[in-house]
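Engineer: I am attaching a structure below and will ask some questions about it afterwards.
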Amino acid sequence: MSGERGSVSVVLAAGILVVLVLVLGVADLGRVLAARSRARTASDAAALAVAQELAIPSGLDLQTLAADYAAANGATVVACTCEAGTWDAVVEVQVAVGDLRLVPGSPMVRARSRAVVEVPASPAPAG
């Protein structure tokens, strides 16, 4: 019996270590999912702002408009396929996740949104 003395402490320490790693993993996952949500919100806002500018032009630069809306939502624009005279805008943004506990570095999350301006059909002539 004296050879097993202290074995419970080793098992308990291993169990605590496993729980700690799981908790840190769940925290990292939460940070990544929150960053993904921010990226989606930013890309949606930027694409909708550009689509509104395409529908009702006010003379603003489309790239700058997309960058402004993305920045207001904590993201940076990676790509903006939006040209005056077209009816759709595709905006891709990225958001930094921040430092994770289990993974070194600061990964980035990307999101892409497309907004299309639908032009109403001309009404039929009364007759």
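Engineer: Would you mind telling me which numbered condition in (1) part of a helix (DSSP H, G or I); (2) surrounded by 13 or more Cβ atoms within 10 Å (Cβ to Cβ) T64 fails?
Structural biologist: Failing condition for T64: (2).
Engineer: Going by the structure shown, is G30 over 14 Å from Q94 (Cα atoms), part of a helix (DSSP H, G or I) and modelled with pLDDT under 95? Can you show your working first?
Structural biologist: Details: over 14 Å from Q94 (Cα atoms): yes; part of a helix (DSSP H, G or I): yes; modelled with pLDDT under 95: yes.
Yes: the conditions hold for G30.
Engineer: Pick from V77, V90, V50, V117: which is surrounded by 15 or more Cβ atoms within 10 Å (Cβ to Cβ) and in contact with a Lys or Arg (Cβ under 9 Å, 6 or more places away or on another chain)?
Structural biologist: Numbers: V77 fails: in contact with a Lys or Arg (Cβ under 9 Å, 6 or more places away or on another chain); V50 fails: in contact with a Lys or Arg (Cβ under 9 Å, 6 or more places away or on another chain); V117 fails: in contact with a Lys or Arg (Cβ under 9 Å, 6 or more places away or on another chain).
Exactly one residue qualifies, and that residue is V90.
Engineer: Do we find that A27 is in contact (Cβ under 8 Å) with a residue 60 or more places away in the chain, more than 30 Å from A66 (Cβ to Cβ) and loosely packed, with under 14 Cβ neighbours inside 10 Å in this structure?
Structural biologist: Working: in contact (Cβ under 8 Å) with a residue 60 or more places away in the chain: yes; more than 30 Å from A66 (Cβ to Cβ): yes; loosely packed, with under 14 Cβ neighbours inside 10 Å: yes.
Taking the combined requirement at face value, the residue satisfies it.
Engineer: Just to be sure I understand the filter: pairs with C-beta atoms under 7 Å, separated by 6 or more residues or on different chains, first member in segment 52-72 and closer than 22 Å to R40 by Cβ and without any contact (Cβ under 8 Å) to a residue 40 or more places away in the chain, second member polar (S, T, N, Q) and not in a loop (DSSP other than H, G, I, E, B). Which pairs pass?
Structural biologist: Filtered contacts from segment 52-72: A70/T76.
The values are calculated or read from the model by the stated rules, or taken from the named source; none is laboratory data. Computed from a prediction, not measured in an experiment: that's the story for all the values here. Positions of Cβ are generated from backbone atoms using ideal geometry, with glycine treated the same way; all protein chains shown enter the neighbour counts.
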